[in-house]
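So the structure is just underneath, and the comments pick up after that.
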Amino acid sequence: FQVFPGCTSIPEKTRTLVGDYQPPDWVNKGGGAFKDATNEKVFYGVGLADGMNNLSLQRTTADDRAISNVATQIKSVVKRLRKDYESITAKNKDTTERENVDNAMKLLVNETVEGARIIDHWEHPGKNVLYALARVELSKLQKQIDTRKELSDESRAEIKKKAGWYHNEKI
């Protein structure tokens, strides 16, 4: 729209960005493996739900998505642990140990994710969007490894150590 030749009006900003409202850092950072303020190794997951009129459903959806995001982080670590141990047990030709490790790894993700908890929410004030932050400590994954009695003590110790290494790689 021009009033005078050579002059143009400045269009109004039409898009509201998350950053316009200074959300908590975790909203923009997203899920992953981190060290928290106390230097503890943790997995965080971020979920969001938008466009819902039912606030209870919106919160549940955001929470479920945050926990699902944590599960993705843990699955990544457990997948690498499983691959390492498949190669180690294949060298030893110990099919019982290989089967035990395989079964234990399948259970680890679910058992560890059960320990995840929602620790924060943030609602975007300019939109109908709710964010949720889930957290689970690496120590919970390592404790779940300890419960796998079908594994040898040596296997449990090595898997716990490698879980710590893989977490560090993701930081």
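For THR72, are the conditions met, namely being loosely packed, with under 12 Cβ neighbours inside 10 Å, among the polar types (S, T, N, Q), at pLDDT below 95 and within 18 Å of LYS140 (Cβ to Cβ)?
Numbers: loosely packed, with under 12 Cβ neighbours inside 10 Å: no; among the polar types (S, T, N, Q): yes; at pLDDT below 95: yes; within 18 Å of LYS140 (Cβ to Cβ): yes.
The answer is no for THR72.
Just one residue in the set ASP63, ASP102, ASP84, ASP94 is acidic (Asp, Glu) and either touching an Asp or Glu at 6+ places or on another chain (Cβ under 6 Å) or modelled with pLDDT of 85 or more (or both); that residue is ASP63.
The values are calculated or read from the model by the stated rules, or taken from the named source; none is laboratory data. Quick caveat, the model's predicted, so the values are computed rather than measured. All Cβ positions, glycine included, derive from the backbone under ideal geometry; neighbour counts span all protein chains shown.
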